[in-house]
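What follows is a single structure, written as structure tokens, with notes after it.
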Amino acid sequence: MSSSSVLVQLEAAGKAYRRYATPGARLRDLLGLLPEAHRPVAFEALAPLSLELQAGEALGVVGLNGAGKSTLLQLLAGTLTPSTGRVHRVGRVSALLELGSGFNPDFTGRENIFLNAATLGLSQEEIAQRLDSIIEFSELGPFIDQPVKTYSSGMFVRLAFSVATCVVPDLLIIDEALSVGDGAFARKSFDRVMEIKRAGAAIVFCSHTLFHVEVFCDRALWLHKGRVEAIGPTKVVLGAYQAFLDDLSRPSSADEKPNPEVGLAPAKIVSAVFQINGVVLAHPESEPPASSHFRSDEPLRLAAEVVVQRLTQTPPPRAAVVLSTEAGRILSSHLMPALSPGDVESGPNATLRLQFQSDPVPLNHGLYRLGIYLLCERGEHVIEWVDPVASFRVLHDGPEQGYLRMFGSWAPKRTDQS
């Protein structure tokens, strides 16, 4: 891309704080009355970072708590001023950080729309033009003239999201929630974010859910203790980050062994439309109860029950099975083909049972886990997931190392010497 498509540019931008023993010490330092020897050493929340974001690019930000992710997002949003360097932004910025943090609880929903939309740089005339569409998207028409302090948390979030995305920004910053609310609104909010991305906005998405980051982002940035550990293609960075998480979760003693729990997954209500009712892990020819031990040459059977709770026009979902290490590192996944409406019985409480059996997976000895995900019919939006639903141990007596067994053959090759 040309330089004109750069929407965000950080030039050695960083943030540092001084931590004082008392408020009085802070005041004396501001007044120049605190001796140099008593001034605290600055704490670097985010080391100087240089970064460019192009139009239409989505950057995922990952890292442990305290890594500097929130500091970076606030610098990008303009709610923090960098201690060093500078942040250059082009166009309008919209941030989904703490949704509704600027709402006045005594104002009505309508009044808060005008209040918050003004912070996006919209004039009163522009807000009035968008007012009906904001209210329609939020689905809060009957309650829009009530004080927001009377709203439920779900209503509050829906209104805040509708305002924050009422215009297509040049830069959209998302902290954790790629879609908000529950049920159909979560699907609708995800589609709105995808529309903003397709319209050419640069997006920064911070999340602990690596599955979402990998699906949504073009590049990834891994922060650790305020510094950049890696930045580059999403799969490469997430692979390095997951290996780091694996090391953190590895037992400190060889005697420490996790205790796998195998059986039905807890019921999970999804959108008041779909429900993951139960998952059983078993040998292909066996019946429940589920098994927790398999040999490395055996296939697995995963029987999952998905219940359609009421008649709906929502297209049938697609299920995915995810195989991970005990620490959560994804080894493989399988997405089921799209269903047609005729595959699902109509009427309330109709039941669709899905069964999946894998081909033999050459797993080495160790503990593994399975998760099940429900996605929209396009395989993009994660409706709900239970991960893990079951843990199982693979038994193998060979000396091979690693997660997977490598098959092949060795043959001696004689070298004649003259």
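Every read-out reported here was derived from the displayed coordinates using simple, explicitly stated rules and does not represent laboratory data. Quantities reported herein were computed from a predicted structural model and do not represent experimental measurements. Methodologically, a virtual Cβ is constructed for each residue, glycine included, from the backbone with ideal geometry; neighbour enumeration extends over all protein chains shown.
What's the percent breakdown of Cα-Cα distances in the stretch 364-417 across 10 Å bins, shortest bin first?
18, 25, 22, 19, 8, 6, 2
Could you check the simple spin-label distance between ARG295 and ALA199, using points 7 Å along Cα→Cβ, in nm with one decimal?
For the pair ARG295/ALA199, the computed spacing is 5.9 nm.
Sort out for me the Cα centre separation of the stretch 134-193 from the stretch 56-108, rounded to whole Å.
If you average the Cα positions of each part, the centres end up 18 Å apart.
What ranking do 149-161, 397-409 get when scored by the average of other Cβ atoms within 10 Å per residue, highest first?
Values: 149-161: 17.9, 397-409: 9.5.
Answer by packing, highest mean first, reads 149-161, 397-409.
Rounded to the nearest 0.05, what FRET efficiency is calculated for GLN129 and ASP397 with R0 set to 56 Å and r the Cβ-Cβ distance? Intermediate values should be presented prior to the final figure.
On the way: r = 72 Å, r/R0 = 1.28.
Once the sixth-power term is evaluated, E becomes 0.20.
Given axes a ≥ b ≥ c from the Cα gyration tensor, I'd like to know whether the stretch 1-156 is rounded (a/c under 1.5), prolate (a/b larger than b/c) or oblate.
Details: a/c = 2.51, a/b = 1.50, b/c = 1.67.
Since a/c reaches 1.5 but b/c is at least a/b, the shape of the stretch 1-156 is classed as oblate.
Quote to one decimal, in nm, the extra length available between LEU31 and GLN146 on full extension: 0.36 nm per residue of separation minus the C-alpha distance between them. Intermediate values should be presented prior to the final figure.
Values: separation 115, 0.36 × 115 = 41.40 nm, distance 4.69 nm.
This chain segment gains 36.7 nm when fully extended.
³J(HN,Hα) across the stretch 137-146 via Karplus (A = 6.51, B = -1.76, C = 1.60, θ = phi - 60°), whole Hz, x for Gly/Pro?
After applying 6.51 cos²θ - 1.76 cosθ + 1.60, I find 5, 6, 6, 10, x, x, 10, 5, 9, 9 Hz.
Between SER50 and TYR17, what length in nm is gained on full extension when 0.36 nm per residue of separation is reduced by their alpha carbon distance?
Working: separation 33, 0.36 × 33 = 11.88 nm, distance 1.95 nm.
Between SER50 and TYR17, full extension yields an extra 9.9 nm.
Could you run the Karplus curve 6.51 cos²θ - 1.76 cosθ + 1.60 with θ = phi - 60° over the stretch 317-334 and give me ³J(HN,Hα) per residue in whole Hz, x for Gly and Pro?
Result, ordered by residue: x, 10, 9, 9, 9, 10, 9, 9, 6, 4, 8, x, 6, 6, 9, 6, 8, 9 Hz.
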